[in-house]
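Notes follow once the structure below has been shown.
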Amino acid sequence: METRTEPTPQEAPPPDRLYRIAQTIGAWIPDAMTTAILLMMVLAVAAMAIGNSVLEVMDAYYVGLWMLLPFTMQMTLILVLGSALASTRFFRRMVLTLSHLPRSEGQTIALSMATTCCLAYCFWGLSLALAPLVAVSYARQSERKGFPVDFPFLLSANAAAGAIWQFGFSASAPLMMNTPGHFLEAETGLMPLSTTIWAPATLMFLGIYLSCVFVTARVLMPKKPRPISMFPESCELAEATLSAAAEPEEKPERSDRFAERLEASRWPCTVLTLVLICWLVYHVVIKGGGLQLNSLITILLTLGLLLHGSVLNFTKSLPRAVVTAWPVIVLYHLYAGVAGLLQHTSLGDDIALYFASISTEHSFPLLTLFAAAVVSVFVPSSGGQWVIQGFITTQASVQVGVTAQRGLLALSVGDHVGNLVSPFWAVIAAGIARMDFRTYIGYNYVWVLYWVGLGALCFTFLPA
């Protein structure tokens with residue numbers, strides 16, 4: 001028989017070192033748009049300081065500012081469609097069904113992390129939207145069954161498991177470099193996914209990293225846990241989610257208007273779904289294409305239409321989903337302007353040459369990782385970071401004598417350091433889970449040690 005624990009008032013987190021670090025980071029890191037403007041100013045001044053004229057700098061910014069229009073639209077669609085897909089009853093019911101399976105604390109940790117891991121590998125948008133709900137659901141069910149887990153720690157462990165999206169089906173930089181017409185195609189050509197996210201080094205890294213994180217999470221789980229009932233708003237979310245999943249699906253009222261009946265009907269979505277499936281088959285079989293940004297968008301659109309079932313349901317999900325995409329619409333053009341200053345003045349070449357001069361074949365991945373980690377704290381976007389650092393990384397890799405793919409993979413490791421330790425994404429996850437991000441972000445620093453250490457070793461010594 002399940003035991004139920006009633007919510008109790010939330011206790012204030014102790015003011016330990018991890019909380020102070022998180023608060024310090026939040027106080028010093030500016031928002032993404034301000035950071036992009038500061039980067040633009042610094043690079044413009046630096047380009048002129050090494051001999052580029054004002055006109056040359058202006059021309060570089062002129063060329064760069066709008067060069068990412070297609071990529072911006074692609075990323076906007078990925079964000080919107082991913083958010084719309086995550087809102088379907090299918091995924092939410094799946095999470096709640098899986099949360100009933102664990103029969104012990106260890107199973108709760110393992111299955112919660114595995115659920116987040118699978119969502120993240122398939123599509124990072126699903127992980128972003130659903131990982132907090134995974135933690136909420138598993139924590140509530142474990143408490144009901146009499147083996148409560150520490151809710152903030154579980155939320156952090158799920159964030160660690162979700163990091164693997166950097167090398168999953170929706171990894172922004174690898175997919176961009178495998179899409180015809182990308183901004184570095186003249187320098188690198190297309191990068192097949194078999195040389196990036198499916199390279200032996202990548203697969204080995206993911207297996208070792210996830211194993212280490214699970215074992216550590218099992219060992220470090222607090223012996224005196226703070227169950228979800230100590231966080232009233234999170235507990236309320238868990239109960240509301242459970243109640244919503246138990247209710248039958250709401251059917252729209254039958255309308256006398258032909259247009260409204262058509263919108264609520266399944267057949268328009270069915271027709272478009274079949275057309276999109278034909279597009280994917282044509283893309284793979286006739287055109288010989290693979291997983292690229294455009295094919296990922298088509299898959300997300302197909303699944304969204306299929307799971308929402310009607311045009312009415314699908315369009316209702318879009319207004320809420322669009323909110324998640326607004327920063328990309330502006331930010332990527334600011335990043336493109338920064339990239340233009342690096343690519344179309346002598347500054348990018350000079351930085352690449354300097355980077356190459358202090359690197360060797362074995363130190364290049366580690367230096368790339370650390371440089372990316374610093375930038376990632378200020379640029380909370382994997383695709384945006386590759387736009388800024390991709391040219392320098394590929395140029396330096398040529399000088400050092402390693403593949404550009406190795407540089408991309410090392411940069412991807414560094415990119416996620418910022419996602420784990422800076423407040424940007426932690427605030428979003430905490431907002432979904434209805435708690436203060438400072439309650440759990442300190443734990444993320446433990447996972448960074450594994451992520452950085454194993455990433456540096458794998459992408460230095462293993463085949464990539």
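May I ask you to list the residues in region 111-130 that are within 15 Å of Tyr209 (Cβ to Cβ) and either small (Gly, Ala, Ser) or surrounded by 24 or more Cβ atoms within 10 Å (Cβ to Cβ) (or both)?
Met113, Ala114, Thr116, Cys117, Ala120
Hey, among Leu55, Leu77, which residue is among the aliphatic types (A, V, I, L, M) and surrounded by 18 or more Cβ atoms within 10 Å (Cβ to Cβ)?
Matching residue, one of Leu55, Leu77: Leu77.
Here is a check on your reading of the model: is Gln389 in contact with a helix residue (DSSP H, G or I) (Cβ under 8 Å, 6 or more places away or on another chain) and either more than 18 Å from Ala199 (Cβ to Cβ) or surrounded by fewer than 22 Cβ atoms within 10 Å (Cβ to Cβ) (or both)?
yes
With a cut-off of at least 1 residues that are free of Cβ contacts under 8 Å to residues at least 12 places away in the same chain, name the helices (runs of 4 or more DSSP H) lying wholly within region 68-145.
Answer list for region 68-145: 69-86, 89-99, 105-122.
Against the conditions (1) among the hydrophobic types (A, V, I, L, M, F, W, C); (2) farther than 23 Å from Ser172 by Cβ; (3) in contact with a Ser or Thr (Cβ under 6 Å, 6 or more places away or on another chain); (4) assigned to a helix (DSSP H, G or I), where does Ala410 fall short? Just the number, please.
(2)
Are any residues in region 436-464 crowded, with 24+ Cβ neighbours inside 10 Å and of a type in the set (A, V, I, L, M), and if so, which ones?
Ile441
So that you can scan it fast, the table gives a plain yes or no per residue for (1) under 20 Å from the mean Cα position of the chain (by Cα); (2) surrounded by fewer than 20 Cβ atoms within 10 Å (Cβ to Cβ); (3) in a helix (DSSP H, G or I):
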residue	(1), (2), (3)
Ala321	yes, no, yes
Gly337	no, no, yes
Leu353	no, yes, yes
Ala356	no, yes, yes
Phe370	yes, yes, yes
Gly384	yes, no, yes
Gln399	no, yes, yes
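For region 194-209, state whether one or more residues are more than 22 Å from Gly390 (Cα to Cα), crowded, with 23+ Cβ neighbours inside 10 Å and aliphatic (A, V, I, L, M).
No: region 194-209 contains no residue that is more than 22 Å from Gly390 (Cα to Cα), crowded, with 23+ Cβ neighbours inside 10 Å and aliphatic (A, V, I, L, M).
Across region 380-433, what is the number of residues that are β-branched (Val, Ile, Thr) and within 21 Å of Leu68 (Cβ to Cβ)?
5
Which condition breaks for Thr360 when tested against (1) modelled with pLDDT under 90; (2) not in a helix (DSSP H, G or I); (3) not basic (Lys, Arg)?
Going through the list (1) modelled with pLDDT under 90; (2) not in a helix (DSSP H, G or I); (3) not basic (Lys, Arg), Thr360 breaks only (1).
Here is a yes/no grid of residues against (1) modelled with pLDDT of 90 or more; (2) in a loop (DSSP other than H, G, I, E, B); (3) under 22 Å from Phe147 (Cβ atoms); (4) within 31 Å of the chain's Cα centre (by Cα):
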| site | (1), (2), (3), (4) |
| --- | --- |
| Ser211 | yes, no, no, yes |
| Leu242 | no, no, yes, yes |
| Glu250 | no, yes, no, no |
| Thr273 | yes, no, no, yes |
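The values are calculated or read from the model by the stated rules, or taken from the named source; none is laboratory data. Being a predicted model, the structure only gives us computed values, none of them experimental. Virtual Cβ from ideal backbone geometry, glycine too; neighbours counted across all protein chains shown.
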